[in-house]
Amino acid sequence: MHQAQLTHNYRSDIDGLRALAVVSVVIFHAFSWMIPGGYAGVDVFFVISGYLITTNILNGLNESTFTIQGFYQRRIRRIFPALATMLVAVYAFGWFVLLATEYRQLGKHVGSGASFISNIILWQESGYFDTSSAVKPLTHLWSLGIEEQFYIVWPLLLWAIFKLRLHILTSTVVLAIISFGFGLWSLNDDVVGAYYSPINRFWELLIGAILAAVMLKRTYSDKATKWQQVGSIAGLALIAFTIFSLDGQSQFPGWNALAPTVGTALMIGCGPQTLTTRRIFSLRAIVWVGLISFPLYLWHWPILTFARIISSTMPTAQVRVAAVALSVVLSWATYRLIEKPLRFHPRIKVVTGALVASMIVIGLIGYATFENDGISSRKVVQMNPDINSGEEGGANGWVHDTCGISDTKLADLFASCLEDNRNTPRFALIGDSKAEALIGGFIRTSTENGRWLFIGGNSDSGVPVPLISDAPEFERFQKLARIAVDSVANNSDVDIVVLQGAVRAMFGIGDETSFASLPDNPYYDIVTEGFRNSITILTQAGKKVVLYIDNPPLPNPEDCLQRKTTIGILNRLLVNPNPLCEMPIQTFIDQTAKYYLMLEQLKHEFPGQVDIFDATEIFCGSEDRICRHVRWDHFMYGYTDHPSDYAAGIIGQNLNPFLESLAP
């Protein structure tokens, strides 16, 4: 028997665990159907980091050799070489393939990655109209941000706990419980914050810290006991259960993050002599993957993302396999040629200073790129259509957001209101996020006698906003729907109300790019009733109602660019037309025939009080009768199937005169 003092002894099985973590993440990102919960590999990394860092700190404190300066020097030499290499490479590659808006965002993410606040920036960026993480090459740095923020706080806290002679294990457990509690609370209040907030994630690293504190007083023999064998197998089972049973829709982290974190702690805590660790996680090939796990984590996501961006759709399986293979090669090269030489270089202060200076320069270049709007003078920008051509300035500052409704009431529902401040509004728009995309163009093209009021948005649980209904399917939307309809009904200045609702939301269609399932949809009765109830309230208040027909569904504009890069081989290998990016107008008419009939039925139920406005020709009125993203050299779509601000202005030029002809 011997005391399991915290030593500097290398444990190959921990590198084996790193391999499990990084392989889970990489496969999840490349082939999510294979390991649907593979994202939990990051949580395995968190526990390992918390354990090793706390082990090193406690060793130093017990031996009176710990210094804050020495700790940060080791962290810098461990993290900065591979990170700086990847950031420079991604920034350089982006120069040749990304458009101005994309490169501007990349610049911000390079800056936040270099300053280890990616998780905070991504948290701030999150929202309904945020760009998909699938086309953000540096999204994965959120986890590195949390780790580095932990490394800033934890050594100081642990040093203080040690100096104050507080019980290390008890203090660590209390801190972990507090962090876990914040995380659970955030899952109900701020799901994105629960994922990205360091406070809500620190408990996972503290699981590793608790294990390190426990190991101070634990004894074990050179041969694993039966319980250690069982514990190690149980730990692996918990990790496996998580990565194979969870998916992208699972609530996470919260309770679901306990299994992989506790499982990792069990595997480490049961020691290096169990069959699981010796026969699997200490195998040479697995340990090798663990050794390159950090650069592999850094490289794989940008490569997969750039393939996605250039392809304008999900890359083929062959391309994704090639991307993973390239990631492995670059990771090995980074580890052997950059990370190891700098990490173990004898001139510690010189290397540390150079790495810090390099990271500062990289961060400043990134932020400068953001401030300079993505450097639109680059050749690749001139070679491609301007995706910003869909922007026309919104409502040009002619609005205020009071509308006579409590700001708190709307904010609680993630909704908003806008009111033209140039004159008393006569027209009101009630709708969801598509209406929010339209209102700027409507206001911009309105006349003195036809100003606008808008109430709606994304709602607290999504859309549709304009339907007043007791149907269970729409229950969670009703709070905002009733506020919007009632407030407009009670506004004596409003003469005409336009009701807009996204078809896919009203009819529960999951596909944003097709209405193919609409003819046989089971929701027609409750959608009709929802519209009928709203119309009744508004017409009884003396309003005329116009039903706005939804626009044809097409994918994100970024996915429909026939992108040209300045790297010829990429154009030949990856750039392919996306067949979803156009739709014959007849297809749209056929798919929505029953929807049209529903609106016509409502019009006939309220003779002289209800009309219909159809903007389909604006999107699809080209000579070949095809609905496309671009008309008149401008993008007609802004975000997924949402109209662009330019399209909203064209629609407004047609809608405003139509409404004025109906007004009393």
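Values as computed for the structure displayed
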read-out: Residue tally, condition hydroxyl-bearing (Ser, Thr, Tyr) and buried (at least 23 other Cβ atoms within 10 Å of the Cβ), over the stretch 224-270; value: 4
read-out: Members of the stretch 642-664 found to be closer than 19 Å to Ile585 by Cα and touching a Ser or Thr at 6+ places or on another chain (Cβ under 7 Å), listed by number; value: His642
read-out: Entirely in the stretch 584-649, the strands (runs of 3 or more DSSP E) that have 3 or more residues that are touching a Pro at 6+ places or on another chain (Cβ under 9 Å), in the same structural domain as Thr539 (by TED's automatic domain parsing) and surrounded by 18 or more Cβ atoms within 10 Å (Cβ to Cβ); value: 637-639
read-out: Those residues of the stretch 350-369 which are surrounded by fewer than 19 Cβ atoms within 10 Å (Cβ to Cβ) and under 19 Å from Phe96 (Cα atoms), in sequence order; value: Ile365, Tyr367, Ala368
read-out: Close pairs from the stretch 76-92: first touching a residue at least 60 places away in the same chain (Cβ under 8 Å), partner buried (at least 18 other Cβ atoms within 10 Å of the Cβ) and not in a helix (DSSP H, G or I), Cβ under 6 Å, at least 6 apart; value: Val90/Pro137
read-out: Boolean, Ile569 is in a helix (DSSP H, G or I), surrounded by fewer than 21 Cβ atoms within 10 Å (Cβ to Cβ) and within 35 Å of the chain's Cα centre (by Cα); value: yes
read-out: Gly271 being at positive phi and not aliphatic (A, V, I, L, M); value: yes
read-out: Helices (runs of 4 or more DSSP H) (entirely within the stretch 1-114) containing at least 3 residues that are surrounded by 17 or more Cβ atoms within 10 Å (Cβ to Cβ) and of a type in the set (Phe, Trp, Tyr); value: 41-62, 68-97
read-out: Residue count for the stretch 597-620, restricted to those that are over 35 Å from the mean Cα position of the chain (by Cα) and touching a residue at least 12 places away in the same chain (Cβ under 8 Å); value: 12
read-out: The stretch 159-205 - residue that is acidic (Asp, Glu) and surrounded by fewer than 18 Cβ atoms within 10 Å (Cβ to Cβ) and, of those, nearest to the chain's Cα centre (by Cα); value: Asp190
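Matching residues to (1) among the acidic types (Asp, Glu); (2) crowded, with 16+ Cβ neighbours inside 10 Å; (3) in a loop (DSSP other than H, G, I, E, B):
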position: Glu475; (1), (2), (3): yes, no, no
position: Ile483; (1), (2), (3): no, yes, no
position: Ser487; (1), (2), (3): no, yes, no
position: Val498; (1), (2), (3): no, yes, no
position: Thr513; (1), (2), (3): no, yes, yes
position: Pro522; (1), (2), (3): no, no, yes
position: Arg563; (1), (2), (3): no, yes, yes
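The values are calculated or read from the model by the stated rules, or taken from the named source; none is laboratory data. In this text the structure is predicted, and so the values were computed from the model without any measurement. Backbone-built Cβ (ideal geometry, glycine too); neighbour counts: all protein chains shown.
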